Structures are given as structure tokens and as C-alpha cells.
2 protein chains.
Amino acid sequence: MASEPSAIAEQKAEAVDAKPLRADARRNRDRLVEVAVSVFAERGIDGSLEEIARRAGVGIGTLYRHFPTREHLVEVVYRREVEALCAAAGELAQKHPSDVALEQWMQRFVDYIATKRGLATSLRIVLTTNSTLFSDTFGRVSQALRRLVEAAVADGTIRGDVDASDVLHALGGIYSAPDTPEWRDRSRRLVKLLMDGLRFGAVKAQ
Amino acid sequence: MASEPSAIAEQKAEAVDAKPLRADARRNRDRLVEVAVSVFAERGIDGSLEEIARRAGVGIGTLYRHFPTREHLVEVVYRREVEALCAAAGELAQKHPSDVALEQWMQRFVDYIATKRGLATSLRIVLTTNSTLFSDTFGRVSQALRRLVEAAVADGTIRGDVDASDVLHALGGIYSAPDTPEWRDRSRRLVKLLMDGLRFGAVKAQ
DNA sequence: GTAATAAACGGAGGCGCCTCCGTTTTAGTG
DNA sequence: CACTAAAACGGAGGCGCCTCCGTTTATTAC
């Protein structure tokens, strides 16, 4: 899901600081990341690296050459997913009216966080160890949100007296809420509620 | 080092919530903790559990029965060390004039932090995962410090217009300072400086 | 095409983690 | 003491981590 836009971004990012990989190396690397996404999704962030190598059809040595530590691999996977989430903002904005785009993106945000819930502890380690990663992520996500909010404000589908950071604040509650079984449903409701509030008093009558 | 006072405290703490261990079990458990202290000190918090078991002269199974996860063992070791640090406050207070006791305790605090420096990341994980541990520690350490400060203020060996939380604040800088090679020396100097400031303007002339 | 060489591959091997379960020890009871 | 049940022991075994190095492959030069 959603691999093309991030692939482009990755290419760009790598071109900056590294020599081009040999064809086979590039192929294997991509393969590994792809497989890692599913393995981490299935088994959590502690999923076996040997399984990842096996499923990708490469030796464990190859995995370690590309990603010297588990954290390296986790970081790449994580960045790729954040990238996909942000890219989705652009796509949604093209296909839907701007208020709908905003709402759908927030629901997607909830889904995204949901998959990260179980991994909370391990992810927190990676995120605190690597503070660049944290701030990059935060920056990208809030930029994506800002565009959606501003577009919706601009064409009057949501009220004008809020800005992106208000909305981010509201979403922040979702992130820090306790990890209960009902979390996901509650969060979905919360997003709807938030949207109702945002639509209420919009310039354009619905 | 400094095992008796904490042993007493441990006994008390355990009596509260657990049945007494069989003699051999108690012996092995104590042994394991003792060895774990040195192994963690030598090899860091990632030191091999099998080595700990080996050095303690027990099977790996025994270690795991007593401490189901590495974190359990780390927690016990950590609590014991904090306990020792706090107990030292009482001992120093008996053997030295109260300002000297305070100074020496702070130097010891620096030594203690120094051994934790390398373990920062792993320890942070344990401390954020287990917030009770964090607040317990904080509480105990600040209580120990409070007693020393209050005694020194009371008998006029340090000035009267400061309290324990001021001093703790000053020490806080030590804790959060970056982990450079000169860290330890700088911290020692900082403690001396702090003491000079505290002695300056004390009621009793030195 | 072929040769040369730098790059990449992959898996064996050594070590640590953790579980499981047959064996041993302890603490009660008569 | 002797016996017994409960508790504790310990290490074999299965799995994952990671390194190291002999083998294979892509690329470059001719």
C-alpha cells in the first residue's frame, strides 16, 4: 500500500548523501524494506530479522550489510510509512472536497497510530534515541495537516477561526490516550466530532 | 559495597507482599543480585544473564525463576544501589560535621551517576517503562538530600536561605549535562563550587 | 566478448535468550 | 530419623542475533 510516492522521496533522499547502489544491491534492499513492513506489522517491532531475510530471499548477511542494526531497519520502515501517510494528504485533496479530504486523512491518521500502539515501548526507544527522526516526523505530519486545513478554510468548507495547530492539538489527545480495547472506535468518533465542530459555522452552507 | 543497609530494607519490603523463600532460594537470589551488580558494572546493562548465572554458581533456569525478565533483575539492582546511596547519607551524617556530610554525599552522588552514564539509553527505557520505579527513586533521593541540607542549615554550617530543592536543582544540572569525557571532573568541581556558595554566609564562622 | 576487480552475497558458527521438565533439596510431619 | 509433598534447581534444546569470510556477480576497461 502506498509505496510509489515514498519510493520517489527515498530516491531523492539517498541521492543526496550516497553513491548509487549496484543493481542487485538496490533490488535486495528494496525487497528487504518491503518485507520488513509486513513482518513488523504481523509480529511487532521485535519480529525476527532472520525471517525478514528469509522471506526476502536473501541471506542474513545481506540484511545486516544494508541495515547494521535493527534500529536502522526500523527507522527506514517508519520513515517510509510516515511518508505514505503524508503523501495520502495530497491524493485525498485531489479526489475529494477539502473538508472530506481532511476528515478522511484524520481517519487514516487514526489507523496509522493504531498500528503503532502495540509497538509503543520499542518505538519510543527508537524515537527518543534518534531525535532527528522524531522532529522530522513531527514536521512532515504537521505540514501535511496544515495544507489540508488551510485548503478547507480557504474554500469555506470548515470554519475560519481555527488553524492547523488547533487541530493537531485535538489529534494529540488521540495519540496520548491510553491503549484500551475501545481506543480505536473512540478515536474514530472523536474525529467525527471534531469534524462536526469544524463544519459548524463554515462560510459555505452544506 | 554498601550491602547491609539495603539488605535490611529489602527484607522489609519483601515481607510486605510475599511469602518467605526457602533457605536455598533466598541464598541463590541474594547471590544472583550480588553478582549482577558486578556484571552490570563491568559489561553494562546488556551484560550476559548466562554469565551472571554462571558466576553465581546457579543454572540459568534459576536466574529466570527469580527474575523472569532482564528488566526485573535490573530493577532490583537499581533499587539496591539507590538504597545504598540513600543509606550513605545517614552514615555520613553520623561521622562528619553536617556540611562535610552534605558535600561528601554529593560527591558520592556524582560517582553514582557516573556509573549510570554509559547505561543511559537502556536505563531510560527501564525508567520510562516503569514509572513507579522512577518516582520511588526520585522520592528517596530527595528525602536523603533534604535531611542533610536541613541538618546543615539547622546547625549553621551552611547558609539558611536555601532548601533541599534548591540544591537538588543545582545537582539536576549534573544529571542532564552531556556525556563528555570531562564530565566527571567538571561535576566534582561543580559540587565544590556549590558547597562554597552554601558555606558562604553561614551563621557559624568556619 | 573477455578479463579484472570491486561490490555484494549468503550462510555457518558462536553466543545469548528463554522455556520446559526431569532431578534434587528442603521443610514439615509422625 | 524417615517419609513425603512442595519448592527449587539446572541444563538441554530451540531459536534469534550478529560476525566473518569464502564465493558469486555486476561493472568497467579493453
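A few remarks follow.
- Between copies, B:G156 shows label-point distances of 8.1 nm, shortest first, with the point placed 7 angstrom from Cα along Cα to C-beta.
- By the count of neighbouring beta-carbon atoms within 10 Å, fewest first, A:T69, B:T157 end up ordered A:T69, B:T157.
- Label distances, nm, A:D24 versus same residue in remaining copies, Cβ-directed 7 Å point: 5.7
- Candidates B:Q143, B:Q104, B:Q94: whichever shows maximal mean-square fluctuation once chain B is modelled as a Gaussian network with Cα springs under 10 Å: B:Q94
- Angle between chain B longest axis and helix B:164-176 axis [Cα atoms, degrees, rounded to 10]: 60
- Considering every alpha-carbon pair of chain B, the percent of pairs per 5 Å bin, from zero through the bin containing the longest distance, is 1, 7, 14, 17, 18, 15, 11, 8, 5, 3, 1, 0, 0.
- The spacing between the stretch A:173-192 and the stretch B:160-187, judged by their C-alpha centroids, is 40 Å.
- Inter-copy spacing of A:D111 label points, which lie 7 Å from Cα along Cα→Cβ, given in nm from shortest upward: 5.9
- The residue among A:P68, A:A202, A:T180 whose Cα reaches farthest toward the positive pole of the charge dipole of chain A, with charges on the beta-carbon of Lys, Arg, Asp and Glu, is A:P68.
- Backbone amide hydrogens, once placed in the peptide plane, bring B:A202 within less than 5 Å of B:R159, excluding anything fewer than 5 places away on its chain.
- Chain A, closest residue to the rotation axis toward B, by beta-carbon, whole angstrom: A:I125, 3
- Summary of the geometry: the stretch A:37-95 and the stretch B:77-101, compared by the centres of their Cα atoms, lie 49 Å apart.
- Base-10 log of normalised Debye intensity for the stretch A:103-159 (one unit scatterer per alpha-carbon) at q = 0.18 Å⁻¹: -0.75
- Helical contribution to [θ] at 222 nm, DSSP H n ≥ 4, -39,500 (n - 2.57), averaged over chain A, rounded to 500: -26000 deg cm²/dmol
- Acute angle (nearest 10 degrees) that the helix A:131-154 long axis makes with the longest principal axis of chain A, alpha-carbon atoms: 30
- Number of partner chain Cβ atoms within 10 Å, mean per residue of A:121-131: 2
- The stretch B:90-97 - phi-based ³J(HN,Hα) in whole Hz, Karplus 6.51/-1.76/1.60, Gly and Pro as x: x, 5, 4, 4, 6, 8, 10, x
- Lysine pairs within the protein assembly as shown, Cα separation less than 25 Å, 8 or more sequence positions apart or different chains: 8
Taken together, the values in this text are just the output of simple stated rules run on the coordinates, not laboratory data. All figures in this text were calculated on a predicted structure; none of them were measured in a lab. All Cβ positions, glycine included, derive from the backbone under ideal geometry; neighbour counts span all protein chains shown.
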